[in-house]
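The values are calculated or read from the model by the stated rules, or taken from the named source; none is laboratory data. Predicted model, so just to flag it, every value in this text is computed and none were measured. Every residue, glycine as well, gets a Cβ built from its backbone with ideal geometry; the counts of neighbours run over all protein chains shown.
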């Protein structure tokens, strides 16, 4: 029994870490640039597909493919800000941001479907083998996922806490006007935030590609779960995103095992109840004002 | 009329008000003064229901209104203006005041939905009431102007009109003359006296000492969230603590 | 109907607007006798259905609620109606009014929990509902599970005193039923908007803090808007179920809701009725006439949305009515908390909180 629980927990953590990366990126975008970036899932999909294409078609090494994925999503994110969101950012309008993000989501989603086809794809195995600790086993590729994710998470935290850019981001997330008065170029910050956030999404996709099946709808499917994670952990809190992601991953895995397809409903209901009692999420400040 | 007992309000680790006791008596004009950050606006926010106090009570005409939400406090008879003009910018002046009459509807909701003659009558009479308030404050020539086009002083006056629309017994004015030139200030002073003569009790947060001295019956001084003095003009002006609060202690 | 028109055009309801509307209704009644292609009648019916949904979106939007759960309540109405007719054996004419009532009650229960968190919280919670509903219906075997309910009977024939009973076989009776429902929704929505309830909504939409301080129970009025909008969606769902003849949980998803949003925004959210109608009309008829391939339709729609929001945020109708070009009407609704204009009490609160937070930044 303990082995089972342990195994499930490990699987849950692995699943959860993908959510963690995405949630951290989305929290960043959400709290700094206030864009309800529902197109975020599509960048995740893009990252995964680029890794697949580079491995299966171009035959480059995995880390090269991962790098390409991250570079591509970052560039695309920067372009999106520069040509779309930059124009609506300063209106202060919630709805405008959401609508633009929805438009982007539709474009990217359909484009992905058209370019990559409708069948699910599998990346040829990159890290074969299984590691066993006692009676708990974990495929090596999942272990690689864990390590890479932790590495990036630490890097993200480092940027956010220590670097000047991170401080600028935090300032803008608290009060853009005051930040301007302090000499922060909010436009640059918004640009960097979207780029960085999309980089994380691409990384998340690239990192999960060797482990899970990739299919065109994965972007739309995952964004809603990520939003839930963020709501759970608090919309302005990165640590909340981490915790929320892990909780989601573990709960999903346990739920899948014990409850089957009802797991998702069960999960949503539980999270809904938590959100009701703590509208700011478990760790967040009380969300955005309207 | 209004009693505040042992009121405290904390924001995170910051104590905006601590252990404050305050009384506002019927038909008086009370001045609330103090240096910036003393907690004056927070006090108004707590009384009018925008913040719930961390500790303490607010009692209005024998009724405990502590923790009531803002709309409930308005229904009880306390009305307020804001430091920064808070208006329905895209509506006309008349519409601004008319919208604030929402509390005064007597016909049932169904009748209003079906637009029965009695409901329409009531709408007309509430419109007239809105116009009367504008006339009282001298704003009726502007009644069709969009609120955004008013001058600063006019907007402040409009704010007061809107506060009056709820037929309050107690009116809380937050810095009513800030940013006005002397002519506007004099007009505002007259208006506030006229409001009092209509039987409405008033409490004013103000920095302009002339206004406070001329207008207010009693004065309360706050500093760091606590009451440091209370009384008539002479007592306040000569109070050592008050002087220190505003000017700082002597080095010797 | 422009924002300012609500308040002092009460008396002008008998004015030229009424004539224009009557004329339009007359034209609409006449259409089936002129246009005989069932395909176009079908398109008109679809337009009517989606226009109603778009109108409900705007009703909620005006009070500051951006709902991603519209399709969910649409679905609840559809399932309720189908279940009543198929499982309880009642006549459609009982199910039709029952559906909005059932939907409204459920919306009241859900709204009571969800409307508490206006803004972002509401957005995410309604998107959760939007996602959830498909799963919920899919897992209820009694309601057909993931294959849905098929063979939903058409509405029962209407017995008329001297004429033949009206049978719901061709599209034309459905057309008239949709017209009736549409007018019903239109009239009741308009009555609401021009009453004190609508004024309270407008106040909430413009400046919720101010509205609250003038005695408007912001929560209660938002809840009312939510319930009424959802009930209307449920009514529409009932029609949908019996018109299409089968329902499937996959149809009631967030992407449907997003399409509804698009219809409303395209037309112009400043207009409670004309906006949704025009937007829905364009989005229903234009792709058809341009024979746009299914594959690129989302791409074009997405691009359209982005261009629209950048250059013409007030929707198409804003080209004709300059007052609404910049969404001025909705300062309070769709302001991000730290946008250009802040309501004073919230900015003071934020100042206090920022004071605390700035300690942490160091």
For segment C:229-242, check the following and say yes or no: at least one residue is assigned to a helix (DSSP H, G or I), within 14 Å of another protein chain (Cβ to nearest Cβ) and closer than 27 Å to residue B:90 by Cβ.
no
Could you list, in sequence order, all residues of segment B:93-107 that are within 7 Å of chain C (Cβ to nearest Cβ), in contact (Cβ under 8 Å) with a residue 24 or more places away in the chain and either more than 14 Å from residue C:211 (Cβ to Cβ) or surrounded by fewer than 19 Cβ atoms within 10 Å (Cβ to Cβ) (or both)?
B:103
With the structure loaded, tell me whether residue B:19 is modelled with pLDDT of 80 or more and more than 11 Å from chain C (Cβ to nearest Cβ) or whether it fails that test.
no
Going by the structure shown, is residue A:205 in contact with a strand residue (DSSP E or B) (Cβ under 9 Å, 6 or more places away or on another chain) and assigned to a helix (DSSP H, G or I)?
yes
Is one or more of the residues making up segment B:176-197 free of Cβ contacts under 8 Å to residues at least 60 places away in the same chain, crowded, with 16+ Cβ neighbours inside 10 Å, closer than 23 Å to residue B:237 by Cα and under 16 Å from the mean Cα position of the chain (by Cα)?
yes
With respect to residue A:35, determine if the residue is within 13 Å of chain C (Cβ to nearest Cβ), within 16 Å of residue A:191 (Cα to Cα), buried (at least 23 other Cβ atoms within 10 Å of the Cβ) and in contact with a helix residue (DSSP H, G or I) (Cβ under 9 Å, 6 or more places away or on another chain).
yes
Determine which single condition residue B:13 fails, assuming it passes every other condition in (1) within 12 Å of chain C (Cβ to nearest Cβ); (2) on the phi < 0 side of the Ramachandran plot; (3) in contact (Cβ under 8 Å) with a residue 60 or more places away in the chain.
(3)
With the requirement that a residue be under 22 Å from residue C:70 (Cα atoms) and not in a helix (DSSP H, G or I), what does segment C:145-164 give you?
C:148, C:149
Of everything in segment C:53-108, what is on the phi < 0 side of the Ramachandran plot, crowded, with 24+ Cβ neighbours inside 10 Å and part of a loop (DSSP other than H, G, I, E, B)? Give them in sequence order.
C:63, C:65, C:67, C:68, C:69
Is it fair to say residue A:221 is under 30 Å from residue A:274 (Cβ atoms), within 11 Å of chain C (Cβ to nearest Cβ) and over 16 Å from the mean Cα position of the chain (by Cα)?
no
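To keep it simple, each residue is scored yes or no on (1) touching a residue at least 24 places away in the same chain (Cβ under 8 Å); (2) under 19 Å from the mean Cα position of the chain (by Cα); (3) more than 8 Å from chain A (Cβ to nearest Cβ).
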| position | (1), (2), (3) |
| --- | --- |
| C:107 | yes, yes, yes |
| C:119 | yes, yes, no |
| C:129 | yes, yes, yes |
| C:138 | yes, no, yes |
From the list C:181, C:125, C:177, C:113, pick out the single residue that is within 14 Å of chain A (Cβ to nearest Cβ), assigned to a helix (DSSP H, G or I) and crowded, with 19+ Cβ neighbours inside 10 Å.
C:125
Could you tell me how many of the residues in segment B:204-227 are part of a strand (DSSP E or B) and either farther than 24 Å from residue B:14 by Cβ or free of Cβ contacts under 8 Å to residues at least 40 places away in the same chain (or both)?
3
Does residue B:46 satisfy being buried (at least 16 other Cβ atoms within 10 Å of the Cβ), under 19 Å from the mean Cα position of the chain (by Cα) and part of a helix (DSSP H, G or I)?
yes
When you go through B:83, B:154, B:57 one by one, which is the residue that is closer than 20 Å to residue C:210 by Cα and not in a helix (DSSP H, G or I)?
B:83
Going through segment B:22-43 in order, the residues found to be part of a loop (DSSP other than H, G, I, E, B) and away from chain C (no Cβ under 14 Å) are B:25, B:26, B:27, B:28, B:34, B:35
Every listed condition ((1) closer than 24 Å to residue C:283 by Cβ; (2) under 18 Å from the mean Cα position of the chain (by Cα)) holds for residue C:38 save (2)
What helices (runs of 4 or more DSSP H) completely inside segment A:87-199 contain at least 3 residues that are more than 14 Å from every other protein chain (Cβ to nearest Cβ) and touching a strand residue (DSSP E or B) at 6+ places or on another chain (Cβ under 9 Å)?
A:140-161
Read through the list (1) part of a helix (DSSP H, G or I); (2) farther than 23 Å from residue A:45 by Cβ; (3) within 14 Å of another protein chain (Cβ to nearest Cβ), then give the number of the only condition that residue A:243 fails.
(3)
Enumerate the helices (runs of 4 or more DSSP H) found wholly within segment C:246-362, keeping only those where 3 or more residues are at pLDDT below 75 and within 7 Å of another protein chain (Cβ to nearest Cβ).
C:344-361
